[in-house]
């Protein structure tokens, strides 16, 4: 079997290479890290903020390492227990799912 193809004849299997998956995780973690930085700077200036649900979405989409690193690097959201507990729980759950899928 040569792989799944969509209606445009693009081989979908080729999109999910190890290289592309690594690129995705690097980008999503950088986005989560930058979101924590931007939200911290805006909170200091009293400006419009990034929604907490957006920060959780970035972590849920695979940006757990970037979100946690940003949280502690910028000392942002560290007093909110649902961030302090939530981000690592999401990351651990994702790691467990990936390991379970690979086994």
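Considering only segment 69-88, I want to know if a residue exists there that is without any contact (Cβ under 8 Å) to a residue 12 or more places away in the chain and within 11 Å of the chain's Cα centre (by Cα). Checked against the condition, which is being without any contact (Cβ under 8 Å) to a residue 12 or more places away in the chain and within 11 Å of the chain's Cα centre (by Cα), segment 69-88 yields no hits at all.
Listed by position, the helices (runs of 4 or more DSSP H) enclosed by segment 1-99 that each have at least 3 residues that are surrounded by fewer than 11 Cβ atoms within 10 Å (Cβ to Cβ) and out of contact with any helix residue (DSSP H, G or I) (no Cβ under 6 Å at 6 or more places or on another chain) are 18-45.
No value in this document is a laboratory result; all are computed from the given coordinates. All values reported here derive from a predicted model rather than from experimental measurement. Virtual Cβ from ideal backbone geometry, glycine too; neighbours counted across all protein chains shown.
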